[in-house]
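Novice: Before I ask anything, here is the structure I am working with.
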Amino acid sequence: MSVIHREPELNWPDLRQAIDLGKVEVVGRLLRDGTEEQRRTFGPELEAYVKGLPPERWWSNRDRAAAVAVAALGCLPSAARTSALLTRRDVRDRWGDIPLGELINMSRARDLQWLGDLARRLAAKLPREGRDGQWRLVAGLLTEAGVAPPTDDAFVRGWFAHLQAWQPKDERRPLLERLRVDPYLDALLPRMFEVDGLGVELARSSWHQEERRWDHRPAVPHVLVALAAEGRVDRTVLLDGVLGRFLRGDRVSALRAFVVLHDELGPTEAELTARVVRYVRLLPDAHSTVATLAQRALRRLDNNGRLELDTLLQGSRQLLARPEKMLVKAQLSWLDRVAKRNPDRVGEVLETVAVAFGHDALDVQERALTIVLRHVARTEPPVRARLAELAGVLAGDLPGRAAAVLGEPVAAVAVDVPAGWVLVPMPSVAPMPPPVTGVAELAEEIGALLHDEGSMVGWERVLAGIVACHADDPVLLRDALVPILDRYEVQFRPGQTWWGSPRLRQLLGEVIRAAVRPGNRLSGWERGVGMVRAALGGPPADLPVTGYGPGPQHALALRIAETAVYTRHRPIPMLVSTPTRANGQLDATVLVQRLAEAERAGWQPWRFDLEQALLRLPREIDGDALSRAAGLRTPAGVRLSRWLTDGGAPQPGSVRVDQRRPPLRRFDHWELSHLPERRVVVGLRPGAVDYGPFAQEMFELDPADRPEIKQSDPEYQLWPGVLPNHREVIAAWALPAFAGLADCDQRGAELLPLLAESAGPVGPAVALALAYTLAARHEADRVAGVDAFLALAAVGDLDGAALGRELGALAADGTIKLTRVVAGLAEAARAGARADVWAAIEAALPAVLAATPRGGPDLLALGAQTATATPTASTSGVTSGSNATGASGGTGASGGTSGTGSVGGEAHQAEPGALRAALAGIAARGGSGRLVTEARRLDRVLAG
């Protein structure tokens, strides 16, 4: 009797065990040995297994993903279901570990007709940044299925990642050989020029195998040029692709490789002529490196007589409007030669040159005027009249030179120039939005506040809304806020800190807990501020501990602490300190009405809430508010009446403090090396005035004798609302952060425009804050400085001379970079603040010319431009800006401080006539250097 031996049937437990162990070959063999019917029965089991696998199981065995992929291709019935499983994140992240051969063997064993569909679906899920391992898997499946490759960005990036990926030693071949036989080259090469940012990958260096060294030249451009020389790729594709990339633009780092490719191709004159329109289109807007390339190509055609003059003039008019001086000067030199060789059209050429009259740089304007004056004798009278009109935008001493030859313009020039002759008035401060009207709106406001640091307006509306809604219906408020408390529990959790102190949002959590869980015991944070409870029987002797140090940041934390405790123990129907204006100011009449209402209803405002309300009152109070306040009889009303009668909180004295970094020693070198060598900050002296404990700590500041690194904090933007009438005080507290923008390359100047919108005298702290911000490392911060400059100038609060003295002193010793400042001042001048800009420049120049830091010639040139726009340009060396009566000099409650050295009221003031003397000294050096040239120009402007 014969015995029939049968192979054991394929079963799910065996297959699952092989998948669990990551045995890819065993999984493949088991499925290939089974029947199609058996394989299909395991599809649902496999899908359930993958969905139920916890994340840690994927990491415990990296081969498990490969086993799952082979099993999916062997069990699942369609491309859609297989793709859904393979594109799960835990599997997709490990595509590079999946053996392509096993997938191909499984596909052939099942004779899958939908392999191409699967490959296309997987290709659509390739990561955008391009990864070699994942791309190789998809490309292998596409090749096996005989499907054309996709040309989307992700596939092209993956292709490049594969070309530049590390190769095993036995498979290593030069990039030229690999690209020569690459099956995707023809299909993907045109797309190489269209994928944004891909030029960064093209610019990578390569390993030179024969010489055993890194070749830091971009590898791909050289290889493509070599392939074009062999005829493997079409030069037309490369050249058109490069120009298309230039026209679309990209980051500078992404364009470098394409510039190299263009130069390596070395276009012929015929190729340049066929693409002259595209080169002209690059002149006005392309990056300066690309525009220089286009300028060079067009000039080559012009030198050989293959560029039409109309095309040249059209492109020149566009290029001369660019800000880059080197580009514009090169174009002017080119047009100078064109004017010589085209006497019959010299008028058209000169009118094109005159476009540069409107350039921001005086030396560019002078170059253009020199060219015009050199050739104007060969023009007709109508052309001269037109040139005289165009010369109306010249600045400095150039209008006089132009008028001497061209004559005065007959009519006003019709040229598009920046509207910078009149400073646009700043809009009035916006009123405070309406109060929160119900618990639903309050919940929305709290949610919005918790998604960012929030504004002063947002915080005030939330605090006032919680107090009012709690007084109206505590149960309704609890029902609305419990979901918020649960949702944002992590942010509200006591003990969560940032930079060593509780964030306001965590303090807000205590207010919400107090409102919705009044019966609970005090939390850990509430115990930290438990001293507020002493106010139930009378005002506490000391301020509570909130985790914040002294300063404006402590004030809002105190009020939130007070709200958290008193909402639980002594609720009131409303807060009296809620501002009436968006800058934090509170109208005195409104406060009188609130206290009168409290007197009629028989309740007293909370202590810190009243203190904050008083600090928000403007200094100028109408008589009606004074008389009505005198009629109040409650302690809060009497306090308000006395406050108004005394004129509110006087301004503290401002004292300049010159901080120096200690000498570097071995044991503390790392700690001190990142500090600036010198920094000027401002201290505050409150004098003999009793401000009360709430305000006293804000009006007294004694900076250290060495610089401190303080990062700009989003909470700084809440500070102006605490002291809306004392912007000098806020600026003094934030000055270390403002200084860090210039000397430590930090970020965050959002506070400065808010200070400009606040009230109060402008002293050395505001002037220094503006100086540091104009010299900030990052452009966004410098823009904030320009905005603050214009806002202060528009309302007459800018002391340009004080700002200039600070700028000059800081730039003279290298504390700030003058080149950054000049750009901001030029922008402010274009916006209309020319008189204030000149006041700052005039005061800064004596110190700048004595030290001649980098940027001095630019400051002189800007001075020549703005001095001509000032009705009466002073020649004394010290000019007042639009406001010379602020707190500059440190005047305040203490009677003021003044002087020079490490402590003083403001930077050293130059002697009368110092500027003209300094200019004469520079001019006497002789030579034609730019510093001497610009000094002579400004001297002529001031003398004339």
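The values are calculated or read from the model by the stated rules, or taken from the named source; none is laboratory data. Just so we're clear, the structure is a prediction, and the values are computed from it rather than from any experiment. Backbone-built Cβ (ideal geometry, glycine too); neighbour counts: all protein chains shown. Just so you know, the surface numbers come from the protein's heavy atoms only, side chains and all, with ligands and any DNA or RNA stripped out. Shrake-Rupley method; radii C 1.70, N 1.55, O 1.52, S 1.80 Å.
Novice: Count, please, the residues in the stretch 788-823 that happen to be closer than 17 Å to residue 682 by Cβ and aromatic (Phe, Trp, Tyr).
Specialist: The qualifying residues number 0.
Novice: Here is a follow-up. If you go through the stretch 723-755, how many residues are open to solvent by less than 10 Å² (accessible area, probe 1.4 Å) and either in contact with a strand residue (DSSP E or B) (Cβ under 7 Å, 6 or more places away or on another chain) or closer than 16 Å to residue 585 by Cβ (or both)?
Specialist: Residues in the stretch 723-755 being open to solvent by less than 10 Å² (accessible area, probe 1.4 Å) and either in contact with a strand residue (DSSP E or B) (Cβ under 7 Å, 6 or more places away or on another chain) or closer than 16 Å to residue 585 by Cβ (or both): 12 in total.
Novice: Tell me, which helices (runs of 4 or more DSSP H) wholly within the stretch 681-766 include 1 or more residues that are without any contact (Cβ under 8 Å) to a residue 60 or more places away in the chain?
Specialist: Correct list: 693-696, 727-743, 751-757.
Novice: Let me ask something additional. Out of the residues in the stretch 645-660 meeting the condition of being surrounded by 23 or more Cβ atoms within 10 Å (Cβ to Cβ) and not in a strand (DSSP E or B), tell me which one is modelled with the highest pLDDT.
Specialist: 652
Novice: Which one is modelled with the highest pLDDT among residues in the stretch 863-877 that are open to solvent by 10 Å² or more (accessible area, probe 1.4 Å) and of a type outside the set (Ser, Thr, Tyr)?
Specialist: Filtering the stretch 863-877 for residues that are open to solvent by 10 Å² or more (accessible area, probe 1.4 Å) and of a type outside the set (Ser, Thr, Tyr), the one modelled with the highest pLDDT comes out as 865.
Novice: Could you say which residue among 82, 87 is under 24 Å from residue 119 (Cβ atoms) and crowded, with 21+ Cβ neighbours inside 10 Å?
Specialist: 82
Novice: Give just the number: which of (1) over 24 Å from residue 135 (Cα atoms); (2) touching a helix residue (DSSP H, G or I) at 6+ places or on another chain (Cβ under 7 Å); (3) open to solvent by 10 Å² or more (accessible area, probe 1.4 Å) does residue 97 not satisfy?
Specialist: Here residue 97 meets the rest and fails (1).
Novice: To continue, here is another question. Being crowded, with 24+ Cβ neighbours inside 10 Å and part of a helix (DSSP H, G or I): is that true of residue 816 here?
Specialist: In short, no.
Novice: Filtering the stretch 125-160 down to residues that are over 17 Å from residue 187 (Cβ atoms) and within 34 Å of the chain's Cα centre (by Cα), which residue is surrounded by the most Cβ atoms within 10 Å (Cβ to Cβ)?
Specialist: It comes out as 131.
Novice: Could we say that residue 250 is closer than 22 Å to residue 189 by Cβ and not hydrophobic (A, V, I, L, M, F, W, C) here?
Specialist: yes
Novice: Would you check if there is a residue in the stretch 776-784 being surrounded by fewer than 20 Cβ atoms within 10 Å (Cβ to Cβ) and within 15 Å of residue 834 (Cα to Cα)?
Specialist: The answer is no, given that none of the residues of the stretch 776-784 is surrounded by fewer than 20 Cβ atoms within 10 Å (Cβ to Cβ) and within 15 Å of residue 834 (Cα to Cα).
Novice: Pull out all pairs, ordered by first then second residue, where Cβ-Cβ is under 8 Å, the residues are six or more apart or on different chains, the first lies in the stretch 74-99 and is on the phi < 0 side of the Ramachandran plot and acidic (Asp, Glu), and the second is open to solvent by 40 Å² or more (accessible area, probe 1.4 Å) and assigned to a loop (DSSP other than H, G, I, E, B).
Specialist: 97/62
Novice: Given the criterion assigned to a helix (DSSP H, G or I), hydrophobic (A, V, I, L, M, F, W, C) and modelled with pLDDT of 90 or more, identify the matching residue among 938, 915.
Specialist: Answer to the selection: 938.
Novice: Okay, moving on. Give the stretch 336-395 a look and list any residue that's acidic (Asp, Glu), within 22 Å of residue 310 (Cβ to Cβ) and assigned to a loop (DSSP other than H, G, I, E, B), or say none.
Specialist: Listed by number, the list holds a single entry, 380.
Novice: Determine whether the stretch 800-807 contains at least one residue that is of a type in the set (Asp, Glu), closer than 22 Å to residue 866 by Cβ and open to solvent by 10 Å² or more (accessible area, probe 1.4 Å).
Specialist: No, there is no match, as no residue in the stretch 800-807 is of a type in the set (Asp, Glu), closer than 22 Å to residue 866 by Cβ and open to solvent by 10 Å² or more (accessible area, probe 1.4 Å).
Novice: So residue 849 fits all but one of (1) outside any loop (DSSP other than H, G, I, E, B); (2) touching a Lys or Arg at 6+ places or on another chain (Cβ under 8 Å); (3) not small (Gly, Ala, Ser); what number is the exception?
Specialist: For residue 849, the exception is condition (2).
Novice: Just wondering, is there one or more residues in the stretch 35-53 that are touching a Phe, Trp or Tyr at 6+ places or on another chain (Cβ under 8 Å) and either under 23 Å from residue 135 (Cβ atoms) or part of a loop (DSSP other than H, G, I, E, B) (or both)?
Specialist: The answer is yes; a qualifying residue exists.
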